[in-house]
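Asker: My structure is below; once you've seen it, I'll send some questions.
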Amino acid sequence: MVVPRFWRERRSRYSLIGTRCPVCGTVYFPPRSVCPKCGRKSVGKMEEVQLSGKGKVYSYTIVHQNVIGYKYQKPYVMAIIETPEGPKLTGQIVDVEPEKVHIGMPVHAVFRRIAEDGKAGIIQYGYKFIPDEE
Amino acid sequence: MVGIVTYGSYIPIYRIKTAEIARMWGDKPEHPEKGLGLFAKSVPAYDEDAATIAVEALRNALRRKNIPGDKIGAIFVGSESHPYAVKPTASLIAEVLGAYRAHAADLEFACKAGTAAMQNVYAMVKAGMIDYGVAIGTDTSQGQPGDALDYSASAGGTAYIIGKDEVIAEINHTVSFVTDTPDFWRREGQRYPSHGGRFTGEPAYFKHIMSTAKMLMEEAGTKPEDYDYVVFHQPNGKFPYRVGKRLGFKEEQIKPGLISPYIGNTYSGGTPTGLSTVLDIAKPEDRIIAVSFGSGAGSDAFDITVTDEMENFNRDAAPKVWDMINRAKYIDYATYLKFRRMIVEVD
Amino acid sequence: MRDVAVIGAGETKYGEHWEKSLRDLAVEAGLKALEDAGIGAEDIQAIFGGNMSAGSFVGQDHVGALISDFAGLAEHKVPAIRVESACASGAAALHSGYMAVASGLYDIVLVGGVEKMTDLPGDMVTDILAGAADREWEVFFGATFPALGAMMARRYMYEYGLTREQMALLPVIAHKHGAMNPDAHFQREVTVDQVLNAPMVADPLTIMNCSPVSDGGAAVVLASADIARKYTDSPIKISASVAANDYISLHARESLTKSPSTIEAGKKAYKMAKKEPKDIDLVEIHDAFSIIALIGIEDLGFAKKGEGIKLAEEGQLYYDGDLPYNVSGGLKAKGHPVGATGVGQVVEIVKQLRNEAGKRQVPNARVGLAHNVGGTMTSSIVHILEVM
């Protein structure tokens, strides 16, 4: 059973903690220790920043053939979400009829079970997205 | 003044109509409505559990008023469906809040673990140990398919942050009552709870709620007519009216806080969410009495007065209970079984 | 740097090889390439083997040593190094072999690629392939590899008005060619309707927009150009070998409809080979998903952004058209044994440039381009080959 691999990511997965480059101001999610734009100037200076969880659908798909652990969620909607802070991130959109999802749809992050290590292992929690109220 | 500083609820979007459940088991479709006063119940999605509901309820509370994690001194999470048998839900909440210095613990007392959490936090604030504490009642309760509980066992939760500054609802008094009455239970390792049928009524629900409510009003020196709202534990749509009537409350005091007809019995989330529904509409000076019941059996009661601070409080920053009740997606029984993992195993 | 030539090429049939193991496939391809070059294993000085995930597919790592051993080289102490760059592992191995010979370190090397994928059930294969994406920030949340491809396709459709019907032309062309390749996994033609009505993998991609899970191996023998004619009358020069990389996760990129790594690798490869897109007689483009092929066609300079599909609509991509595309059948029809694919593309180009491709022979082919990518066009490797 795997524990630390998931445990060490908990803050970003629970609370959308990313990083900001103090040199150019670009926000990254997940956190990075080097800004790809500023390189060495940013090393050791990246600052933590929390995303608001707001966003819009940048692209999406309805998954019918799953990776291990997602068998009973299919068909499920995967999306790339564009955030107002800058970074895009990948996550499921839930509580929605897949056919209603569209590019540009406003969504926000919610806290859900993402995966679990079999019946006896650790439950991994993190972000998914749901449509904003119409 | 010690009381509620902010609050928030969460009800999953999915519902199953009780008539659909009746269809499965050969009951008349009107039976659950007429017999139990239940029209529908909330169903957690495949990826929801008592912990995710707790986090969403808490986030709704924080949307209304943000209390930084480092100011939170206690976290109690009451549930009978904690995702782990061993491993606290409260530690997950602490991590989400960034409340690393909090006293954190899970509680279980059938349907009253949520109010037990509130009472614990209230006590710690009142004792001066902490400035703010989080109390959550949350459940994805289990009902065995075909059992009477299949009509009612639902999912939802409410989070309260209790403190002494900028209190929107003062807790004037709180009392409890407990006896060893096994009306409903689940043995270790059993998937579904068992219950004593009609034994859950008179010697359990009614005796405990009535005893606690009377004790509270005696301590507070109040009568039923002194209250604008009364919230009772709501295992179905009928018991709260029945116990209220026997205590001398009127239908209009009971109805605003009675949501089980539309979402079922959210167990540890029940009384806290009923109270949350009332706080969504309450005005300064309104007085509320809330009485929970937990099988096994006990009851906690609270005498609460809404303060002027409610005028400054941003209730609209998070969805109200009725917003969430109205935001429903109805599913069939097969989908219900899938979501509740009754026909699938983890792969 | 000195010029490098391919002096031998060989591959196994791609497909479901129930009776052949990872080492069987690797050795079969290697021996064919050596035989084609007219040399023995003992004549080579180093092996570079492309393989994505034998450790996960069959529990075998240290693939270089295994292959070298079973190719009969244990007695010769020949170095054998495995190269990994997800689905571009094959081209990455070729890039390594090219550098090794061009630098003067070795005169003759064997470059192989192999993958044994069909021993595992589908969801496990899907999970292993998803390792080419960001495991913690894409796959963890449920993104399959086709799901990422599908999001590229969806965005492309949104930005450029591409339809599923148009996108279906690419697998139709690939299968038309695959039907003429006796080494292809699928040797049958398909129609647009069959592509559109196939089971959905990740909307809008059906299973016919996705390359199959295949077993296979491919190998080429490289020699320095000055000695190449000692071994063959028709050496094929590697005029360019260029690799470029991008952000591993799709969401980290500014655009989902172009591949900066393919653009970069393509530009540098044309410069290195002193060629332009119009000089290319045939292309093997990475079509793990139809959308990746379409973006590849555009980013390699064969069409303007948003207009790549016109080449398919105009019939230019058939083996007898202006830009013969995936005449081997491509990843879609020839198959996609991931570690072998990049080497197999070059095997096809070598056959074509030697005029040995049979029914699917491109007339007067003198210059070919191979485009192999790893991940969601994260790692792009471009090779240009030409008749010496």
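The values are calculated or read from the model by the stated rules, or taken from the named source; none is laboratory data. Computed from a prediction, not measured in an experiment: that's the story for all the values here. With ideal geometry, Cβ positions are generated from the backbone for all residues, glycine too; neighbour counts draw on all protein chains shown. To get the accessible areas, we keep the full protein, side chains included, count just its heavy atoms, and leave off ligands, DNA and RNA. Shrake-Rupley method; radii C 1.70, N 1.55, O 1.52, S 1.80 Å.
Asker: Applying the Karplus parametrisation 6.51 cos²θ - 1.76 cosθ + 1.60 with θ = phi - 60° to the phi angles of region C:163-168, what ³J(HN,Hα) value in whole Hz is obtained for each residue in order, glycine and proline being reported as x?
Answerer: 10, 4, 4, 5, 4, 5
Asker: Can you give the average number of partner chain beta-carbon atoms within 10 Å of each beta-carbon in peptide A:51-62, as a whole number?
Answerer: 5
Asker: How big is region C:70-158 by Rg and Dmax over its Cα atoms, in Å?
Answerer: Looking at region C:70-158, its Cα Rg and Dmax stand at 18.0, 58 Å.
Asker: If C:K310, A:K100, C:K271 are ordered by their accessible area, calculated over protein heavy atoms with a 1.4 Å probe, which sequence runs from highest to lowest?
Answerer: Greatest to least solvent exposure: C:K271, A:K100, C:K310.
Asker: Region C:137-155: which residues show an accessible-area loss of 40 Å² or more, assembly versus chain alone, 1.4 Å probe?
Answerer: For region C:137-155, once contacts with the other chains are taken into account, C:W137, C:F140, C:F141, C:G142, C:T144, C:M151, C:R154, C:R155 lose 40 Å² or more.
Asker: If you take the accessible area of C alone plus A alone and subtract the pair, what total do you get in square angstrom, rounded to 100, with a 1.4 Å probe?
Answerer: 3200
Asker: Okay, moving on. Could you pull out every residue, at least 5 positions away or on a different chain, whose amide H is within less than 5 Å of the one on B:L107? Hs are placed 1.01 Å off N in the peptide plane, and Pro or chain starts have none.
Answerer: B:V77, B:G78, B:S79
Asker: If you don't mind, there's one more thing I want to ask. Give the accessible area for C:D134 in Å² (nearest 10); use a 1.4 Å probe, count only protein heavy atoms, and leave out ligands, DNA and RNA.
Answerer: 30
Asker: Here's something else I'd like to know. Equivalent-ellipsoid semi-axes (√(5λ), Cα gyration tensor) for region B:63-122, whole Å, largest first?
Answerer: 20, 14, 10
Asker: Let me ask something else about it. Over the Cα atoms of region C:231-334, Rg to Rh with Kirkwood Rh, two decimal places?
Answerer: We get a ratio of 0.98 for region C:231-334.
Asker: Also, quick follow-up: For n ≥ 4 DSSP H runs only, could you compute -39500 (n - 2.57) per run for chain B, divide by its residues and tell me the 222 nm figure to the nearest 500?
Answerer: When only DSSP H runs of four or more count, the value is -8000 deg cm²/dmol.
Asker: Ok, one more. Please list C:D43, B:D180, A:D117 in order of solvent-accessible area, largest first, computed with a 1.4 Å probe with all protein chains present.
Answerer: These residues rank, largest area first, as B:D180, C:D43, A:D117.
Asker: Do any residues of region B:314-347 show a loss of at least 20 square angstrom of accessible area between the isolated chain and the full protein assembly, using a 1.4 Å probe, and if so which?
Answerer: Residues losing area: B:R327, B:K329, B:K338, B:R341, B:V344, B:E345, B:V346, B:D347.
Asker: Considering only protein heavy atoms and a 1.4 Å probe, what is the carbon-and-sulfur percentage of the accessible area of region B:173-309?
Answerer: Taking all protein chains in place, region B:173-309 shows 49 percent carbon and sulfur surface.
Asker: Could you work out which residue, out of C:D246, C:D322, C:D233, moves most in a Gaussian network model of chain C, that is, has the largest mean-square fluctuation with Cα springs under 10 Å?
Answerer: Taking springs between Cα atoms under 10 Å, the residue moving most is C:D233.
Asker: Also, quick follow-up: Give me Rg over Rh for the protein assembly as shown, both radii from the alpha carbons and Rh done the Kirkwood way, two decimal places.
Answerer: Dividing the radius of gyration by the Kirkwood radius yields 1.10.
Asker: What is the mean projected area of the alpha carbon convex hull for chain C, to one decimal in square nanometres?
Answerer: Averaging across all directions leaves 16.5 nm² for the Cα convex hull.
Asker: Regarding chain A, what's the average projected area of the Cα-atom convex hull, expressed in nm²?
Answerer: 9.1
Asker: Check each of the trypsin sites (Lys or Arg not before Pro) in region C:158-214 and keep only those in coil by DSSP with at most 16 other C-beta atoms within 10 angstrom; list them in order.
Answerer: C:R188
Asker: Something else about it: Sorted by accessible area with a 1.4 angstrom probe, largest first, how do B:K207, C:K305 fall?
Answerer: B:K207, C:K305
Asker: With N set to the residue count of region C:1-64, report its C-alpha Rg divided by 2.2 N^0.38 Å to two decimal places.
Answerer: 1.27
Asker: Next question, about the same structure. Given a 1.4 angstrom probe, I'd like the percentage of the accessible area of region C:65-207 that is carbon and sulfur, rounded to a whole number.
Answerer: 55
Asker: Also, quick follow-up: Which value, in Å², gives the accessible area per residue of chain A when a 1.4 Å probe is used on the protein heavy atoms?
Answerer: Value for chain A: 45 Å² per residue.
Asker: For region B:173-309, how big is Rg over Rh, using alpha carbon atoms and the Kirkwood form of Rh?
Answerer: 0.98
Asker: Roughly how big is the B-A contact, given as buried accessible area in Å² (both sides, 1.4 Å probe, nearest 100)?
Answerer: For B against A, buried area totals roughly 2500 Å².
Asker: Tell me, what ³J(HN,Hα) does each residue in region C:22-27 have, in order and in whole Hz, if you take phi through Karplus 6.51 cos²θ - 1.76 cosθ + 1.60 with θ = phi - 60° and put x for Gly and Pro?
Answerer: Karplus values, whole Hz, x for Gly and Pro: 3, 6, 4, 5, 5, 5.
Asker: Then there is this: When DSSP assigns beta bridges and you keep just the ones with both residues in chain C, what percent turn out antiparallel, to the nearest 5?
Answerer: The antiparallel proportion sits near 70 percent.
Asker: I've got another one for you. Angle check, please: helix C:260-273 long axis (alpha carbons) against the longest principal axis of chain C (alpha carbons), in degrees 0 to 90, nearest 10.
Answerer: 40
Asker: Given region A:52-131 reduced to its alpha-carbon atoms as identical point scatterers, what log10 I(q)/I(0) does the Debye formula return at q = 0.14, 0.21, 0.24 Å⁻¹?
Answerer: -0.46, -0.94, -1.14
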